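So the structure is just underneath, and the comments pick up after that.
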Amino acid sequence: MPEILVGMVIMIALGWIIIRVRNKKLMIQTGGWILISLALLYTLFVLEFVLAFLKEGAMQAALVMGGIFGFLAILVWVLIYRFVLTGKSKHHD
Amino acid sequence: MTNYSTDRRKFLKQFGMGSVLLGSGLAIPEIIGKTSAGPLVRSEEEYGKFPVIKMANGKLPYEIDPKVFKRMNERFTVFSRNGWDQVRKERPGAKENITNRNLVEGKGVVPNQSRLDYALMSASWSMARLSNSPCYKWETSSYGTRRMGADRLGKWDPATLDMGPEETSLAVKHASLFYGASLAGIAELNPAWLYSHIHSPTREDRLREIPFHYGGDRYEKTKDAWYVPSSMNKVIALAFEEDYEAIANSPGRLASAATGDGYSRMAQTAYKVAEFIRCLGYNALPAGNGTALSIPIAIDAGLGELGRNGLLITPKFGPRVRLAKVITDMPLVADHPIKFGVTEFCETCMLCAEDCPSESISKGSQTWKGLTASNNPGIHKWYIHPETCFDYNGFSCSNCKLNCPFNKPNNEWTHKLIRGAIKLKVNPLNSIMTEFDQASGYGKQVDSREFWKRDGSKKITSREKM
């Protein structure tokens, strides 16, 4: 069940990105899509990492690892939002 | 008819070997690379996903100085010295009754030393402490074994089942796992690991020792000497996993329960493995801590490497194992010793040395010299201080197992990922992993009340066995 939740979080994030790109008619270069893919993979890794520690019953490990790697994930997503997902639109009308 | 018979035998052999492999979980390790020391292999069942170097061409993961090294006299082990060495007899706390203090004076409710905890511990040791136990006897005392008539049938010939030494070795290891060992390996017996003398005190002579002769063809234990023939040149090393969550209670009483349970399983399984071999007509000498040094035998048999804490570090269970062995003349094929980065990791880690409450573990580099009379010098390693280790907390401390980063469950991919990183042997990376390990709360004592609240069927140790 927790694995399904992790999958859902990633799919929701991906869906949100696609909808945002379409609605805002954003022009995203290939490099931008590669960055987004890597960020999604990294987020999946962090969530699975935390989940593995929770399953083991190692609460402190989940908090510490989640804190360190999760902070990096948030930082990456803030940068992607700022520099990739608020880029130029295809039409300026 | 002859051809048909041969084919059937071949089929039976292949079917039998396939069953052995599947049943024992002894999957053939996958070769993933080559190193100068030997092939790099990986096997979830044997090595818990650690990439492991199987050392080839007789290479060993340790060095011996033949000018200094001598067979150890059992009388100098800390267990024996407690009985005759005046220094040990007069040590502070020698006459202190910790059990009385915790149970009677403490009314059985001292945290981590409660009556419930003591009950688990005491019963855990019960099989190992049976008086007149047959477990470590040199000859069979089983009616069933005698009834099989091994003396009349002679030695079993593996060729009758189209089996060679490789298949026989696999079958012996399979039997060892069947009887309850967590890991089993085979080594050529290095006589250097046999005690030179056996401590055999009498009421009148606490220092009495008898020589232990290896060689010739005599297999006999007399009042005045032990004789093991050179034909008994193989040894089966057995490792027994200790309960993960009970060790997590260290230095509480539950850690001693895990230790005691290990000792009881050692006695029972070594006895059964020896009986299995005797039923096949060969000699078998089972031993727990006695007869020979267990750790170097286990290293020779490829069960693990030596750690800073003076313990065998296995890939699958870390230092959380107890050891036994069975010396035999059965024709078996020895396993290869292994290396998986323990020495390099221990050089930078230091967690066991820093957290040892009795400061018994070295914080320095490996040396050739022992620290006390109970060390056996001439091997390049980290020597520990067995006396202070023994004296701490009534010998119920397992902190060096609890806080060792190799002591992790095998069921999560996170630890498997880190095991891959350890194999890279990069010192700064090892230091970072040690910092993360501590920050993550590993190595902290789990209160025994927490242990008792947990569902035993969902224990990490149980899950590992599934």
request  = Need at least 3 residues that are within 14 Å of chain B (Cβ to nearest Cβ) and buried (at least 17 other Cβ atoms within 10 Å of the Cβ) per element, so show me which helices (runs of 4 or more DSSP H) inside chain A make the cut, counting only ones lying wholly within it.
outcome  = A:30-56, A:59-83
query = How many residues are polar (S, T, N, Q) and either under 21 Å from the mean Cα position of the chain (by Cα) or part of a helix (DSSP H, G or I) (or both) if we restrict to the range B:219-248?
reply = 1
note = Of the listed residues (B:Asn376, B:Asn407), the one being in contact with a Lys or Arg (Cβ under 8 Å, 6 or more places away or on another chain), within 14 Å of another protein chain (Cβ to nearest Cβ), crowded, with 16+ Cβ neighbours inside 10 Å and touching a residue at least 60 places away in the same chain (Cβ under 8 Å) is B:Asn407
request  = Keeping to the range B:125-179, report how many residues are at pLDDT below 95, within 30 Å of B:Phe317 (Cβ to Cβ) and in contact with a Ser or Thr (Cβ under 7 Å, 6 or more places away or on another chain).
outcome  = 5
remark   = Among (1) modelled with pLDDT of 90 or more; (2) surrounded by fewer than 18 Cβ atoms within 10 Å (Cβ to Cβ); (3) over 30 Å from B:Asp447 (Cβ atoms); (4) not β-branched (Val, Ile, Thr), B:Gly58 falls short only on (1)
task = Could you check the range B:24-84 for strands (runs of 3 or more DSSP E) lying wholly inside it with 1 or more residues that are in contact with a Phe, Trp or Tyr (Cβ under 9 Å, 6 or more places away or on another chain)?
result = B:39-42, B:52-54
request  = Could you tell me whether any residue of the range B:199-215 is within 30 Å of B:Ser396 (Cβ to Cβ), surrounded by 21 or more Cβ atoms within 10 Å (Cβ to Cβ) and not hydroxyl-bearing (Ser, Thr, Tyr)?
outcome  = yes
request  = Specify the residue that is surrounded by the most Cβ atoms within 10 Å (Cβ to Cβ); the eligible residues are those in the range B:140-173 that are in contact with a helix residue (DSSP H, G or I) (Cβ under 6 Å, 6 or more places away or on another chain) and part of a loop (DSSP other than H, G, I, E, B).
outcome  = B:Thr140
inquiry  = Are there helices (runs of 4 or more DSSP H) fully within the range B:293-368 with at least 1 residues that are closer than 30 Å to B:Leu280 by Cβ and under 16 Å from the mean Cα position of the chain (by Cα)? List them.
reply    = B:294-300
key: Pairs with Cβ under 8 Å, 6+ apart, first in the range A:68-84 and over 14 Å from A:Ile34 (Cα atoms), second part of a helix (DSSP H, G or I) and of a type in the set (Ser, Thr, Tyr)   = A:Leu72/A:Tyr42; A:Ala73/A:Tyr42; A:Ala73/A:Thr43
task = State whether one or more residues within the range B:414-428 are in a loop (DSSP other than H, G, I, E, B), within 14 Å of chain A (Cβ to nearest Cβ), at pLDDT below 85 and surrounded by 15 or more Cβ atoms within 10 Å (Cβ to Cβ).
result = no
Close pairs from the range B:47-58: first of a type in the set (Val, Ile, Thr), partner surrounded by fewer than 19 Cβ atoms within 10 Å (Cβ to Cβ) and part of a loop (DSSP other than H, G, I, E, B), Cβ under 6 Å, at least 6 apart = B:Ile53/B:Thr35; B:Ile53/B:Ala37; B:Ile53/B:Gly38
inquiry  = What's the total number of residues in the range B:429-455 that are buried (at least 16 other Cβ atoms within 10 Å of the Cβ) and in contact (Cβ under 8 Å) with a residue 24 or more places away in the chain?
reply    = 11
message = With the structure loaded, tell me whether B:Phe451 is at pLDDT 90 or above and within 14 Å of another protein chain (Cβ to nearest Cβ) or whether it fails that test.
response = yes
ask   = Restricting the range B:429-447 to residues that are within 14 Å of chain A (Cβ to nearest Cβ) and part of a helix (DSSP H, G or I), which is nearest to B:Thr461 (Cα to Cα)?
value = B:Asp437
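The values are calculated or read from the model by the stated rules, or taken from the named source; none is laboratory data. The structure presented is a predicted model; accordingly, all values stated were derived computationally and were not measured. Note that we place each Cβ from the backbone using ideal geometry, even for glycine, and neighbour counts take in every protein chain shown.
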